[in-house]
Amino acid sequence: MSDQTQISYEESKELAKDSNISVRLDLARRSDVRPEILYFLAEDPSAEVRRQIASNSLTPIQADLILARDSDETVRIDLASKISALRPELDSDQREKAGRYIADVLDILAQDQTTRVRQVLADTLKDATYAPVAVIRRLAADVEDVVANPILQFSPILSDEDLLEIIDGGCASGRLCAISQRQGLGEAVADAIVSTDDRGAVTALLENKSAQIREEMLDKLVEQAPQVEVWHKPLVERPQLSPKATRRLATFVAKALLKTLERRAGLDEETAQMLEAEMTRRLKEEEGGDDDSLKRAQELHAAGKLDDETLSEALISGDRGLVRCGLAVRSKLSMDQVSEILASRSAKGVTALAWKADCSMRFAMQIQQQLGGIPPKQLVHALDNGGYPMGDEELQFQLELFQKS
């Protein structure tokens, strides 16, 4: 270090053998110690000293090979954190020899039994362009998502062929989502993700504006989208949409998203006219729609037919007015209160509304996602027995929050 007094090689050899751990620690931190001294300290009896050697960017690669097998996992974690610095500025012959050592160090760490070591290594290497392909593939196939996902999402070393092989071999949802978020994802990989029918991964793919999705595949997803509300917004916001897909989306997305479609640049005249006509129809429907829906809900309720199944079918068919009015009739809340809760994007609030309307918790999850617009990761989930995960007092409290607002 710049503020340290220079020490000789002989002095450093004596300090490396000192019985005082503080002396050896200070030596391990220095930037002016010969490589052979750092190599010697890589086998120091103190894990603290070995951690300093593992963190020291001047430690020779041969010593790192020893540290990669250290019995103390904190030493191996520190080494994994430093690994991105293991790119020596040497001549070609030296670089080839050093590269073999680096590859061995990386391979050992990639097979470490401690998940945290592999996780730190994956996080360090996720953006690297120089790591051995075999090591990156090993990390991408790791049994732990915290190790595999950063590599799957970011590593430039993985080719499309690698990704297709991973997907074809069977891939858990979290890993598919990681692949779906890769920058500049190619068409072949996007096709493979869509073919898995994994809703979460397809959602992540649609939200990834840099992903290259073929027009035919987008048209296919648009046809499936009426039943999958979480796709509506990312579909509407895709950089490229065919006129056919745009017009189809206009028939079922919410009014706010319809406005987004109207604002898209480059609409052909036929599509622009269709969007305008659909918006006019929606506005007219809203003027008298609630009255008709409320009347139908009241009639169904009087006949004992306003049950979860009826409302679920209405939700699937796009008759949201009947579902909103049905919730109001069953909960005995006003339409304004129901609308306010559904517009709040509060998973707990919407769950409390469903509870008040005597809906099953399974149906409450449908209401959260399809009427409340709650993202999948924020949903309040049913218990294993299908019950509500919140007590009556908490549910009532959630409703009172809206009554006071």
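The values are calculated or read from the model by the stated rules, or taken from the named source; none is laboratory data. What you see is a predicted model, and the numbers here were worked out from it, not measured in a lab. Glycine also receives a Cβ, built like all others from the backbone with ideal geometry; neighbour counts cover every protein chain displayed. Quick note on the areas: whole protein, heavy atoms, side chains included, nothing else; ligands and nucleic acids left out. Shrake-Rupley method; radii C 1.70, N 1.55, O 1.52, S 1.80 Å.
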Which members of the range 168-183 meet the condition of being at pLDDT below 95 and in a loop (DSSP other than H, G, I, E, B)? Gly169, Gly170, Cys171, Ala172
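Condition test on Glu89, is it charged (D, E, K, R), modelled with pLDDT of 90 or more and open to solvent by 80 Å² or more (accessible area, probe 1.4 Å)?
Working: charged (D, E, K, R): yes; modelled with pLDDT of 90 or more: no; open to solvent by 80 Å² or more (accessible area, probe 1.4 Å): yes.
So Glu89 does not fit the description; no.
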Residues of the range 131-149 being surrounded by 21 or more Cβ atoms within 10 Å (Cβ to Cβ) and either in a helix (DSSP H, G or I) or free of Cβ contacts under 8 Å to residues at least 12 places away in the same chain (or both), in sequence order, are Val135, Ile136, Leu139, Ala140, Val147, Ala148, Asn149
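Has the range 115-125 got at least one residue that is open to solvent by less than 70 Å² (accessible area, probe 1.4 Å) and outside any helix (DSSP H, G or I)?
no
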Only one of Asp18, Asp64 is among the acidic types (Asp, Glu), modelled with pLDDT under 95 and not in a loop (DSSP other than H, G, I, E, B), namely Asp64
Among (1) at pLDDT below 95; (2) within 33 Å of the chain's Cα centre (by Cα); (3) under 22 Å from Leu41 (Cα atoms); (4) not in a helix (DSSP H, G or I), where does Ala128 come up short? (3)
What are the pairs with Cβ atoms under 6 angstrom where one residue, in the range 211-230, is surrounded by 15 or more Cβ atoms within 10 Å (Cβ to Cβ) and charged (D, E, K, R) and the other, located anywhere, is assigned to a helix (DSSP H, G or I) and at pLDDT below 95? Sequence gap at least six, or different chains. Glu229/Gln370
Sort out for me the helices (runs of 4 or more DSSP H) sitting completely within the range 309-405 that have 1 or more residues that are at pLDDT below 90 and touching a Gly at 6+ places or on another chain (Cβ under 8 Å). 320-331, 335-343, 392-404
Out of all the residues in the range 390-402, which are open to solvent by 60 Å² or more (accessible area, probe 1.4 Å) and aromatic (Phe, Trp, Tyr)? Phe397
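A quick yes/no check of all residues on (1) buried (at least 19 other Cβ atoms within 10 Å of the Cβ); (2) touching a residue at least 12 places away in the same chain (Cβ under 8 Å):
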{"site": "Arg324", "(1), (2)": "yes, yes"}
{"site": "Arg330", "(1), (2)": "yes, yes"}
{"site": "Glu340", "(1), (2)": "no, yes"}
{"site": "Ala343", "(1), (2)": "no, no"}
{"site": "Val350", "(1), (2)": "yes, yes"}
{"site": "Ala357", "(1), (2)": "yes, yes"}
{"site": "Pro376", "(1), (2)": "no, yes"}
{"site": "His381", "(1), (2)": "no, yes"}
{"site": "Tyr388", "(1), (2)": "yes, yes"}
Exception for Ala272 within (1) crowded, with 18+ Cβ neighbours inside 10 Å; (2) at pLDDT 90 or above falls at (1)
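Is at least one residue of the range 234-256 among the acidic types (Asp, Glu) and either surrounded by 16 or more Cβ atoms within 10 Å (Cβ to Cβ) or in contact with a His (Cβ under 9 Å, 6 or more places away or on another chain) (or both)? First the steps, then the outcome.
Looking only at the range 234-256, we keep the residues that are among the acidic types (Asp, Glu), and these are 237.
Keeping just the survivors that are either surrounded by 16 or more Cβ atoms within 10 Å (Cβ to Cβ) or in contact with a His (Cβ under 9 Å, 6 or more places away or on another chain) (or both) gives none.
No, the range 234-256 has no match at all.
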